[in-house]
Every structure is written in C-alpha cells, then in structure tokens.
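The values are calculated or read from the model by the stated rules, or taken from the named source; none is laboratory data. Please read these numbers as outputs of a predicted model, since none were measured by experiment. As a convention, Cβ positions derive from the backbone with ideal geometry for all residues, glycine included, and neighbour counts pool all protein chains shown. Side chains are part of the model used for accessible areas, which takes the heavy atoms of the whole protein and leaves out ligands, DNA and RNA. Shrake-Rupley method; radii C 1.70, N 1.55, O 1.52, S 1.80 Å.
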Amino acid sequence: EDFDGVGDIECVAQEILEEITGEDFSDELDKEQEARNREKGQAEAKRQKRERELEERLDKARERWAVEENERKQQAEHERKLQKKEREKKQLEEEQQKKHEAEAKRKEREKDIEEMLAEARERLAVEEEERKQQ
C-alpha cells in the first residue's frame, strides 16, 4: 500500500497492534491526536495573541508618533509666528527711528532757516540804519 504520511503510519501501526494484542487502541490514538491538535491550537492561539499584542504596540507607537508630529508642527508654527512678530516689531521700530530722525532734521532745518532769517533781518536793519544816517 501507499502511505501518505504520519497519519497513515499511525493507522497501520494501530491495526498491527490490534491484530497482535487483540486490544482496541483507537481511543489512545484519538487521544494523542486530540492532544496534538490541542497543542497546535494552543500554539496558534499564542501566535495570534502575540500578533495582536504586536499590532497594539505598533498602533500605540503610530499614535504617539502622530501626537509628537502634531506637537512639532504646532511648535514650528508658534516659532514662525514669534519670528514674524519680532520682524514686524523690528520694522516698526526702524520706521519710528526714521520718523524721529526725519523730525530732527526738519527741526534742524527750521532752526537754520530761523537763524538765516534773523541774520537777514539784522543786516536789513543795519542797512536801513546806514541809509538813514546818510
């Protein structure tokens, strides 16, 4: 006969034992098969449990990464806003400084003009006085 594997060998062995001893070993072989099936089932259950645990850990890691990435993005956005405010503040200060400088120059020009007018009035007065004396 052709044998397909361990199961067939066990069946043949069972038949030979039964013929020799006259006892029925089918229950023992069934129990052994059940025990092997139970072990396989337990091993599969352990593998599946481990796989679920690993998936859960992976999901938690992904979630942590997403939270951290979101925090990094928020921090970067906050930094950009702070830098923008600093640039705007600096620009405003520069504009105010330019206005103060322009105002100071304008006042200096007014002062110079007032001095020139005073000198011109004084010369006119001197010239007027000289004309009167002639």
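Using θ = phi - 60° in the Karplus curve 6.51 cos²θ - 1.76 cosθ + 1.60, the 3J(HN,Hα) couplings for segment 71-80 round to 5, 4, 5, 5, 5, 5, 5, 4, 4, 4 Hz; x is entered for Gly and Pro.
Heavy atoms of the protein chains alone define the surface here; on that basis the chain has 96 Å² accessible area per residue at 1.4 Å probe size. Using the rule -39500 (n - 2.57) for each DSSP H run of four or more residues, divided by the residues of the chain, the 222 nm mean residue ellipticity is -35000 deg cm²/dmol. Note on the chain: Rg/Rh from C-alpha atoms, Kirkwood Rh, equals 1.98.
Between Glu23 and Gln83, the distance separating the two model label sites (each 7 Å from Cα on the Cα→Cβ line) works out to 8.6 nm.
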